[in-house]
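Report on one structure; see the data block that follows.
The values are calculated or read from the model by the stated rules, or taken from the named source; none is laboratory data. Quick caveat, the model's predicted, so the values are computed rather than measured. Neighbour counts run over all protein chains shown; Cβ positions are idealised from the backbone, glycine included.
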Amino acid sequence: MKTRRRAVVVGILLALPLLALLLWTAPGRHVQFVFGGALVNLGYRMQDHLEPYDFVHHHDVTPEEVWTEMLHQNGLASAVRHRFPRTPRHPLVAMVVCMDARLDTAELAGDTRQYYYVVRTAGSAIEAKEAEMLELAVENGVKVLVLTTHSDCAAERAAASPDGRQRFPALTRAVAERGLRLRELAARPFLAERIADGRLLVKHIEIDTATETMRVR
Ligand SMILES: [Zn+2]
């Protein structure tokens, strides 16, 4: 009994430096970050094939059934969040991303903790209120604005077709004026001053929808 207790104490004493190495050194933190990402990906792989939880491919379910399932899943997720609250942070990145469900902003940012602001709109088209919100985000500490478009965008397709232009005039106009709105955003005095002196970086990005690879335009 005494020998076993001594073995446990020795084991703890040996494990402590390893734990310290993992928690408080730069390589250890990197290992934690990558390992955490691997666990998140493992979670995706485990959930992807679970058809009863798939909102996309079950066209025979009723809206009420979809809503009930969503509430149930929210209950599961919020119970975990309640038990393990996350650390609040001030994001350094703000992104403008199309509402296309195939785009995963956590993967774009390489950060499943979602320490970034994200504005999701149809076709990544922003209006005055989004521009004001982005300025507010910069005032709150954002240093990089990532303004994205993506391949195979349904909003762009609608805006490019005669039928789409007729059915969705507001969307068509928003996509057509997207570049102009972004130039107006960069010209807002508060932002322009910070872009000029290097406190704020603005990146225009094209996302490959299939792989989520970001390419600077
Ligand atoms: Zn899109």
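Of everything in region 187-201 that is exposed (fewer than 15 other Cβ atoms within 10 Å of the Cβ) and under 25 Å from the mean Cα position of the chain (by Cα), the residue that is nearest to ALA154 (Cα to Cα) is LEU201.
Looking across region 146-172 at every residue that is without any contact (Cβ under 8 Å) to a residue 40 or more places away in the chain and near the ligand (Cβ under 10 Å from one of its atoms), the one that is surrounded by the fewest Cβ atoms within 10 Å (Cβ to Cβ) is identified as ARG157. Annotation for region 129-141: at least one member residue is of a type outside the set (S, T, N, Q), in contact (Cβ under 8 Å) with a residue 40 or more places away in the chain, in a loop (DSSP other than H, G, I, E, B) and more than 15 Å from the ligand (Cβ to nearest atom).
Residues of region 5-60 that are modelled with pLDDT under 80 and charged (D, E, K, R): GLU51, ASP54, ASP60. Here region 69-105 is the region considered, the condition is being assigned to a loop (DSSP other than H, G, I, E, B), among the aliphatic types (A, V, I, L, M) and within 16 Å of the ligand (Cβ to nearest atom), and the residue that is surrounded by the most Cβ atoms within 10 Å (Cβ to Cβ) is LEU103.
Quick check, is LEU108 in a helix (DSSP H, G or I) and either in contact with a Pro (Cβ under 9 Å, 6 or more places away or on another chain) or loosely packed, with under 13 Cβ neighbours inside 10 Å (or both)? So LEU108 fails the test. Any residue that is under 30 Å from GLN32 (Cα atoms) and surrounded by 15 or more Cβ atoms within 10 Å (Cβ to Cβ) - is there at least one of those in region 178-186? No, that holds for no residue.
From the list LEU182, LEU191, which residue is touching a residue at least 24 places away in the same chain (Cβ under 8 Å) and touching a helix residue (DSSP H, G or I) at 6+ places or on another chain (Cβ under 8 Å)? Walk me through how you get there before you give the answer.
Numbers: LEU182 fails: touching a helix residue (DSSP H, G or I) at 6+ places or on another chain (Cβ under 8 Å).
Testing whether each residue is touching a residue at least 24 places away in the same chain (Cβ under 8 Å) and touching a helix residue (DSSP H, G or I) at 6+ places or on another chain (Cβ under 8 Å) leaves just LEU191.
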